[in-house]
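So the structure is just underneath, and the comments pick up after that.
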Amino acid sequence: MPSIQHVLPKKGNVLVLVGTMKGAFLFCSDASRKRWKQAGPYSIGAPVYSMAYDGRQGRHRLWWAQQSFRWGTSLLSSDDFGRTVTEPETYSVKFPAESGLTLKNIWQLQFPAAEPDTIYCGVEPSALFVSRDTGKSWSPVAGLLNHPHRAKWTPGGGGMCLHTVSPHPTDGNRMIVAMSTGGVYRTSDGGATWQARNQGIRAEFLPEKYPEFGQCVHKIVRHPEKPERLYLQNHWGLYRSDDEGDTWKDIANGVPSDFGFAMAGHPHDPDTAYIVPIESDEYRCTPEGKLRVYRTRNGGKSWEALTRGLPQKDALETVLRDAMAADPLEPAGIYFGTRSGKLYGSHDEGKSWQLIQQGLPAIVCVKTAVVDVEAAHPRGQSGAVERKKTTSRRANPRGVRTRAQ
Amino acid sequence: MPVTVRIPSYLTAFADGRNSIVVDAGPVTAGGVLESLWSLYPGLRDRIVDEKGELRQHINIFVDEESIRFASGLATPVSEGSEILIVPAVSGG
């Protein structure tokens, strides 16, 4: 087993959270975002498809989902950047027995700004779970669990996953989710009902090209300051919506391929978004062996290739749907990870790129956070393992296990 | 009827560190013994069976030397003095 490294972030540090097929990693830098310290791996050997940082209300809590092919999928958290990890004794995210469904994976974690104690997670098979008590207890959102379309949702190549959860930044009743396949759904009544919102999105693989639902949407990003503005990377197709999903407009103008998975929005400019085009759904590698991020700065009217610092020869890479993210600084940092285990970052909005790390396991998740509180100082030096006695079931009424990493 | 259950190392964290647990089980099936085990250590259940109560795909349960997959599943009979082994499968990638 590899030794586990730790970081102790300071206020203002940037974290890049990296989930891989063999565990989770953290990368930490000051605001310059030029030198990175690596921490992890956590959940060694387990696929980690979702990670997130909850910095609301003074918390500094890391969350990630550990998908053990043996022991099932569980949701873990840490309040000290991975030194000690809390795992529920009984799994907190699970389907009710009467649903006939069993949890395969957790694909997405979201912390709505408008509801500081609420957490959402999108799972496989496609469903949305909610916790109203900062992750202590979870329940499926019934309106989506019992949706009449469910029987016709089918798995894409990655499984039947609900991979995008996008709460409205100010209205707790509104949310967009997306699944492969199934497409886009929106609620405006707090999850009681959900309407398919796929008008204008093509389903290349179906006889009916523009069905009400059934599209294989790969990723959606929403702009926080202009929440009706959405960008969508489809299984063939790039789209923008200016009415929170009511209609979608094709914006694949000047990209080498409109197939792809990953997408990131700009934190400040609603006209700017980033993608990594992939050649086709059969090949699923970067076109022409060139690793290029494409950026639009005009809402998709045109796209430009960003290549400085990225390999432009023999780079047969794949960037998966959750493996791209932006940080909120000015200028924004953009990050992505490849299936070949390379993590790239840009501290200047994509103008230039740095290979932050290579040789990682296949990367499936990249998220960012800015630490806004001083971390609780653990005993010992950075890198030391803090020992914590495993609590007994009786002595721990919350039913959680806390163990040192 | 005492039955010994052997716990794999990963799961000992959810069994007070124990790798062997004697269950005084009334029922005489593998499933009955496991139900008794869950009542002692609830954290073991979710990691061995799924929401439907079915054995996870990559976990094997042996009653003495017989895999219950090739016997009667959770209904496999257990005799007094039997040993139940919970063994992670040699699968992965």
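Of note:
- Residue in the range B:9-18 that is within 14 Å of chain A (Cβ to nearest Cβ), under 25 Å from A:Thr73 (Cβ atoms) and touching a residue at least 40 places away in the same chain (Cβ under 8 Å) present: yes
- Each residue in the range B:35-62 was checked for being part of a helix (DSSP H, G or I) and either facing another protein chain (nearest Cβ under 10 Å) or in contact (Cβ under 8 Å) with a residue 40 or more places away in the chain (or both), and 9 of them qualify.
- Cβ-Cβ under 6 Å pairs, at least 6 apart or on other chains, the range A:240-252 side within 28 Å of A:Glu279 (Cβ to Cβ), far side among the acidic types (Asp, Glu) and surrounded by 15 or more Cβ atoms within 10 Å (Cβ to Cβ): A:Ala252/A:Asp258
- Exactly one residue out of A:Asp348, A:Asp322 is closer than 24 Å to A:Leu230 by Cα, of a type outside the set (Ser, Thr, Tyr) and surrounded by 24 or more Cβ atoms within 10 Å (Cβ to Cβ): that is A:Asp322.
- Tally of residues being assigned to a strand (DSSP E or B) and either touching a Cys at 6+ places or on another chain (Cβ under 9 Å) or without any contact (Cβ under 8 Å) to a residue 40 or more places away in the chain (or both) across the range A:124-145: 7
- Of the strands (runs of 3 or more DSSP E) lying entirely inside the range A:312-379, not one is found with 2 or more residues being acidic (Asp, Glu).
Matching residues to (1) among the charged types (D, E, K, R); (2) within 26 Å of A:Thr90 (Cα to Cα); (3) more than 14 Å from chain A (Cβ to nearest Cβ):
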position: B:Glu66; (1), (2), (3): yes, no, yes
position: B:Phe70; (1), (2), (3): no, no, yes
position: B:Ala75; (1), (2), (3): no, yes, yes
position: B:Gly81; (1), (2), (3): no, no, yes
position: B:Pro88; (1), (2), (3): no, yes, no
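- Counting only strands (runs of 3 or more DSSP E) wholly contained in the range A:37-115, the ones carrying 2 or more residues that are facing chain B (nearest Cβ under 10 Å) occupy A:72-78, A:84-88.
- Residue match in the range A:143-158 (condition: under 27 Å from A:Phe259 (Cα atoms) and among the hydrophobic types (A, V, I, L, M, F, W, C)): yes
FYI, it's all coordinate maths here, none of it is from the lab. The structure presented is a predicted model; accordingly, all values stated were derived computationally and were not measured. Every residue, glycine as well, gets a Cβ built from its backbone with ideal geometry; the counts of neighbours run over all protein chains shown.
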